[in-house]
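To start, the structure under review is shown below, and the notes come after it.
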Amino acid sequence: MRQWLIIWVSMVIATLLSLPARAETTPATQVGVYYFPGWRNDMPYAPSPRPWERLLPYKEREPLLGWYNEGADYVMRQHLDWMIGAGLKFVVFDWYWDIDNKVYLDHALGAYFRSPKRAQLPFSIMWANHGKAPNNRENWDRMVAFWLCFLS
């Protein structure tokens, strides 16, 4: 019995030694952030016409940046500084298109494109298709054409 155990262990060791050495190639995890542009007054399709109003009575809930005007360039610069400083690798903007071929809630994405720091933090859009768009092939084609023109 002992002889078979020695043979078996020898075979296992020989097999392991004959395997090619390979480094682990597990990709590094990348963490990003989702950006919902819902903090600007009087925006179509926003969840509230005055999003900050409900929070104003609660001073302890005031954002670090104050009650800011989302979509303003200084706001996006600060948000990008915080995202980059936190080690985030990308930002995903919520994006809306309606059957009248218009984009909604894109003010933060516009500020992102105006920021010189955008090259340091890649982006993507998440098409929020909550509505009825696209409701036909023509509307779909216009939306895709908008992406291609806007993003190029």
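The values are calculated or read from the model by the stated rules, or taken from the named source; none is laboratory data. Quantities reported herein were computed from a predicted structural model and do not represent experimental measurements. Backbone-built Cβ (ideal geometry, glycine too); neighbour counts: all protein chains shown. When the accessible area is computed, the model is the full protein with side chains, heavy atoms only, and any ligands, DNA or RNA have been set aside. Shrake-Rupley method; radii C 1.70, N 1.55, O 1.52, S 1.80 Å.
Tell me which residues, restricted to the stretch 86-112, are free of Cβ contacts under 8 Å to residues at least 40 places away in the same chain and surrounded by fewer than 18 Cβ atoms within 10 Å (Cβ to Cβ). Passing the criteria: A86, D100, K102, G110.
Could we say that A28 is loosely packed, with under 10 Cβ neighbours inside 10 Å, under 21 Å from the mean Cα position of the chain (by Cα), at pLDDT 90 or above and closer than 30 Å to A128 by Cα here? No: the conditions fail for A28. Out of S124, S115, one residue alone is of a type in the set (G, A, S), open to solvent by 20 Å² or more (accessible area, probe 1.4 Å) and closer than 30 Å to A28 by Cα. It is S124.
Results for (1) at pLDDT below 90; (2) under 23 Å from M143 (Cβ atoms), shown as yes or no for each residue.
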site	(1), (2)
D81	no, no
A86	no, no
K89	no, no
W95	yes, yes
Y104	yes, yes
H107	no, yes
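Residue check: F36 meets all listed conditions (1) open to solvent by 50 Å² or more (accessible area, probe 1.4 Å); (2) free of Cβ contacts under 8 Å to residues at least 24 places away in the same chain; (3) of a type in the set (F, W, Y) but one, namely (2). For the stretch 53-83, the set of residues classified as closer than 25 Å to I125 by Cα, outside any loop (DSSP other than H, G, I, E, B), open to solvent by 50 Å² or more (accessible area, probe 1.4 Å) and not hydroxyl-bearing (S, T, Y) consists of D73, R77, Q78, D81, W82, listed by residue number.
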